[in-house]
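Okay, so here's the structure we're looking at.
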Amino acid sequence: MVKFAAKAAPEGDKLRGGYYTPQPIAQFVAEWATQAGPHVLEPSCGDGAILRELTSVLGTGDVTAVELILGEAAKAEEASGAAVEVSDFFGWFTPDRRGSFDAVAGNPPYIRFGSWDESSREPALDLMRSVGMRPTKLTNAWVPFVVASVLAVRPGGRVALVLPAELLQVGYAAALRSYLVDNCSSVTIVSFQRLVFPGILQEVVLLLAERGDGPAEIRTVEVPDASHLDDFHASKKPAARAHLHESEKWTKYYLDTDAIALLRTVRTDGRLLPLERFAEVDVGVVTGRNSFFCLTAAEAAARKVERFTMPLVARSMQVPALSFTASDLVEQDTTEARTRLLSVPSDVNLKRAAPLTRYLAEGEAEGVPDGYKCRIRRNWWEVPSTWVPDGFMLRQISTHPRLIANKAGATSTDTVHRVRVAPSVDMERLAVGAFNSVTFALAEVLGRSYGGGILELEPSESGHLPVPDPALVPDTLHQKVDELVRERRFDDALDLVDQVVLVEALGFSEDEVTALRQVWEQLRDRRTRRSKRK
């Protein structure tokens, strides 16, 4: 039995990017793309799912297909009857091929930077650099395929790609979003209420773009699943014009045009200010093996290592209100919550700390020192950066973001962010001021969410989150709202802050607050519905 379990490493399809296209999606993508003309490129045809649909519409003469893996190329040729060029796409895609196709249709590989063979990766990244983009070690293989697809088509040509939903929101795709806005006249995103890849949790969207002068008009269409793609043609949702060079996340395009305009206004009119004006948001402690370094109070006592521990918030459920107090810590000490972090001073004499030495020996027997974070330390058991913050901020959000005043002298693991306020800023006022409908709505736009329906805000994103100036928040408001949240009267708490802070202190109208509350609820509900997908 493993006492101190480590996280499992990714394997199989997750490493190779081998997610193959269901037939209804392949057919839809092929039919939409070929409306631009017969000369179509499939840049990474895999086993031929999309290629087969292209040839069923066009025949084999005008379809150009490329595939890196010989075995997959053979399958594609057999399935479609078309010839497939066996080559690395970015070596094959020479400058003379730019602008020479009516359309591109495909499902490019989803391969993380570290799992991407360097010989294929570098030409792809060079292509990105050639159009002014700056790839990083977060760049996934699908990103340069999108760039190449836009370059491959003539003005008025079409690009139809099956992409991970990260297109809409991840930071490493920000420059790509800007590129699409600037180089396409229209962009439509088709998303699915249910997962569409059999047996795979990868959430996907369809990118349907037309090459032309930007800024693009952007619209979104959401259908239940791949069998309902005919609903796309019945959608009457109007498009919203993007701003030139806009790299913002595209979550907001699920809203109507009036709501998008209102969000743009409140982000720039100065009534709310970026959180980074008042506080610094940083990651929590990275232990290297939480199962070893994070203990319950009972475990720390039984092993007689209490004096080598410090108070800890290990999970967001440990901070259910707007403050975390000494009483909260004492109450959680009676549960199975991991409320103690092993924090061994660098000058400890292990010969005089027998219980600690025994516990460290257990960790060594389980291979804890062999993990990367532990291995690179001078002493594997010395966890760095255990400073105590003024407050916490939820990293993973179920319904709404929350700042929490730290009254217990605790630190946190990297499941919860740590907050250090600027001089003269009161953490309690900051926390309660941020508990409002406008900040909640903008968190949905600035953060990112995945297939499980959880919203994530990383420190850099958190710093941009608009919040009220804490100096405008009354002294007594934090206690009242903290009590309401502890009683799970969230709507009452939100109503109170909206009235006192947004309306009375900042001059928001009742209509604005109501509209922004609806924006938050719409985006939150769309996100949380995804946790129920099958």
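Charged side chains reduced to their Cβ positions (Lys and Arg at +1, Asp and Glu at -1) give the chain a dipole of some 1380 debye around its Cα centre. The radius of gyration of the Cα set in the stretch 461-534, together with its Dmax, comes out at 14.5, 47 angstrom. With N as its number of residues, the stretch 228-268 has a Cα radius of gyration that, divided by 2.2 N^0.38 Å, comes to 1.39.
Placing +1 on the Cβ of every Lys and Arg and -1 on the Cβ of every Asp and Glu, with no other charges, gives the stretch 253-362 a dipole of roughly 560 debye about its Cα centre.
The share of accessible area on the stretch 128-201 that comes from carbon and sulfur is 56 percent, using a 1.4 angstrom probe. Listed peptides 92-103, 44-55 appear in the order 44-55, 92-103 once ranked by packing, highest mean of other Cβ atoms within 10 Å at the front.
Dimensions of the stretch 143-243 from C-alpha coordinates, computed as largest minus smallest value along each principal axis and given longest first, are 36, 30, 23 Å.
Note on THR357 and ARG307: the extension gain reaches 16.7 nm, defined as 0.36 nm multiplied by sequence separation minus the Cα-Cα distance.
When the Cα positions of GLY157, LEU180, VAL419 are compared along the charge dipole of the chain, VAL419 comes out farthest toward the positive end, with charges on each C-beta of Lys, Arg, Asp and Glu.
Our analysis of the stretch 318-469 gives Rg over Rh at 1.03, with the two radii drawn from alpha carbon positions and Rh computed by the Kirkwood formula. Its Cα centre serving as origin, the stretch 459-531 has a Cβ charge dipole (Lys and Arg +1, Asp and Glu -1) of approximately 580 debye.
Taking the longest Cα principal axis of the chain as reference, the axis of helix 437-446 is set at about 50 degrees. The distance from the alpha carbon centre of the stretch 130-154 to that of the stretch 457-484 is 39 Å, rounded to a whole number. Put simply, the stretch 143-188 fits an ellipsoid with semi-axes of 18, 11, 10 Å; these come from the alpha carbon gyration tensor as the roots of five times its eigenvalues, largest first. Start at zero, step by 5 Å, and the Cα-Cα distances of the stretch 25-131 spread as 2, 13, 22, 24, 19, 13, 6, 1 percent across the bins. Projecting the Cα atoms of ALA279, VAL205, HIS243 onto the dipole axis of the chain, where Lys and Arg carry +1 and Asp and Glu carry -1 at the beta carbon, places ALA279 farthest toward the positive end.
For the stretch 55-99, give the percent of accessible area contributed by carbon and sulfur heavy atoms, probe 1.4 Å, rounded to a whole number. Whole-percent figure for carbon plus sulfur exposure: 50.
With the charge dipole of the chain set up from +1 on Lys and Arg Cβ and -1 on Asp and Glu Cβ about the Cα centre, the Cα lying farthest toward the positive end among the listed residues GLY409, GLY61, ALA83 is that of GLY409.
Of the cross-linked pairs LYS137/LYS373; LYS373/LYS407; LYS304/LYS351, those separated by over 23 Å at the C-alpha level are LYS373/LYS407.
Average accessible surface for the stretch 351-502: 41 Å² per residue, computed with a 1.4 Å probe over protein heavy atoms with every protein chain in place. Over all pairs of different C-alpha atoms in the stretch 402-511, the reciprocal of the mean inverse distance, the Kirkwood hydrodynamic radius, equals 14.9 Å.
What the stretch 228-304 shows is 48 Å² of accessible area per residue, with the surface traced by a 1.4 Å probe over protein heavy atoms.
The values are calculated or read from the model by the stated rules, or taken from the named source; none is laboratory data. What you see is a predicted model; the values in this text were computed from it and never measured. Every residue, glycine as well, gets a Cβ built from its backbone with ideal geometry; the counts of neighbours run over all protein chains shown. Note: areas computed on protein heavy atoms with side chains; ligands, DNA, RNA excluded. Shrake-Rupley method; radii C 1.70, N 1.55, O 1.52, S 1.80 Å.
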